[in-house]
1. Quote the Stokes-Einstein diffusion coefficient, in whole µm² s⁻¹, for region 3-78, based on the Kirkwood radius over alpha carbon pairs, a temperature of 25 °C and a viscosity of 0.890 mPa s.
2. Excluding residues on the same chain fewer than 8 positions from Lys3, give the aspartates and glutamates whose Cα lies under 13 Å from its Cα.
3. Need the full-extension length gain, Arg35 to Thr73, defined as separation in residues times 0.36 nm minus the C-alpha distance. One decimal, nm.
4. Along region 49-62, what does the Karplus equation 6.51 cos²θ - 1.76 cosθ + 1.60 (θ = phi - 60°) give for ³J(HN,Hα), rounded to whole Hz, x for Gly and Pro?
Amino acid sequence: MEKRIGVVGIVVNDLENSPKVNTILHSFSNIIVGRLGIPYRERNVSVISVIVDGTSDEISSMTGKLGKLDGITVKTAITKK
């Protein structure tokens with residue numbers, strides 16, 4: 001399957017689920033090129049940007065698992081080639 005490059009934006013509204021987010025991201029470390037996490041203390045949220053390089057199935061699997069967590073919002077932008 002063809003690999004694609006993408007950006008995954010994650011907003012962690014429920015900070016108690018941060019360890020679960022980190023566990024999922026760690027389990028997909030083979031497709032993660034880079035990651036930037038910013039705690040936004042004034043709003044009591046964290047914002048994470050993840051650069052990925054993987055198949056559509058791999059990226060979808062990761063974002064699907066993240067999206068099932070309570071208090072987590074996930075959006076993805078993926079290249080077409």
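1. This corresponds to a translational diffusion coefficient of 200 µm²/s.
2. Leaving aside aspartates and glutamates fewer than 8 places away in the same chain, those within reach of Lys3 are Asp53, Asp57, Glu58.
3. 12.1 nm
4. 10, 10, 8, 10, 9, x, 6, 4, 5, 5, 5, 5, 4, 5
Just so you know, all these numbers are worked out from the coordinates, no wet-lab data involved. Predicted model, so just to flag it, every value in this text is computed and none were measured.
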